[in-house]
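Below is one structure; the comments refer to it alone.
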Amino acid sequence: MSEAEDRELAALQAALAAEHAAVYGYGVVGGRVGEERRSEARTAYDAHRARRDVLAREVRDLGGEPVAAAAGYALPFTVPDSATAVRLAAELEDRVAGVYSDLVRAAEGERRTAAAGALREAAVRAVRWRGGSVAFPGLAERAGGPSAPDTASDSSPDRASAPPTASAAPTS
């Protein structure tokens with residue numbers, strides 16, 4: 001396998017791990033979010049499940065073994081109510097967008113187009129959850145900048161070292 005193919009496979013695996021974590025996170029969101037936003041949470045949950053399944057097939061197509069979901073993930077903050085569930089949903093989408101931006105950079109052709117579409121969808125969902133946008137969704141550089149959302153101070157892990165929804169430590 002060439003170096004470019006290795007990078008693409010690694011980016012696909014990271015996107016798959018992000019989708020596993022997002023599916024888990026939306027399970028929490030759906031259990032806490034208010035009735036008025038529950039269908040929005042279900043739609044996002046379904047979208048992340050579908051992307052996860054596509055990514056697993058793509059990893060196999062490249063000769064890789066798809067990364068498995070963890071049994072659980074440590075959330076970036078406690079989610080006791082609907083307001084924090086909405087905040088978690090926006091955080092999930094921001095982190096997924098970041099991983100897809102890496103896949104856009106690593107991929108070519110149709111896979112790059114699909115990754116850009118996934119990045120756009122995550123950014124749009126983040127805006128809907130947050131009620132506002134950021135200048136460049138998916139770029140890690142904005143995490144410490146003045147326009148960063150309040151969630152940046154919640155000891156969020158670097159997406160290069162952990163799944164995008166949570167820390168790498170599964171809960172037991």
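If you go through the stretch 109-132 and keep only what is more than 23 Å from Asp6 (Cβ to Cβ) and crowded, with 22+ Cβ neighbours inside 10 Å, you end up with Ala122, Arg125, Ala126, Trp129. Filtering the stretch 85-103 to residues that are open to solvent by less than 30 Å² (accessible area, probe 1.4 Å) and of a type in the set (D, E, K, R) leaves Glu91, Glu93, Asp94, Arg95. The single residue among Ala18, Ala106, Ala50, Ala70 that is closer than 26 Å to Trp129 by Cα, open to solvent by less than 30 Å² (accessible area, probe 1.4 Å), of a type outside the set (Ser, Thr, Tyr) and out of contact with any strand residue (DSSP E or B) (no Cβ under 7 Å at 6 or more places or on another chain) turns out to be Ala18.
Applying the selection to the stretch 21-44, what residues are open to solvent by less than 60 Å² (accessible area, probe 1.4 Å) and either charged (D, E, K, R) or in contact with a Gly (Cβ under 6 Å, 6 or more places away or on another chain) (or both)?
Within the stretch 21-44, the subset open to solvent by less than 60 Å² (accessible area, probe 1.4 Å) is 21-23, 25-31, 33-34, 37, 40-41, 44.
Residues satisfying the conditions are Arg37, Glu40, Ala41.
The values are calculated or read from the model by the stated rules, or taken from the named source; none is laboratory data. Everything numeric here is computed off the predicted structure, so don't read it as measured data. A quick note on method: Cβ atoms are made from the backbone with ideal geometry, for glycine too, and the neighbour counts reach across all protein chains shown. For accessibility, only protein heavy atoms count, side chains too; no ligands or nucleic acids. Shrake-Rupley method; radii C 1.70, N 1.55, O 1.52, S 1.80 Å.
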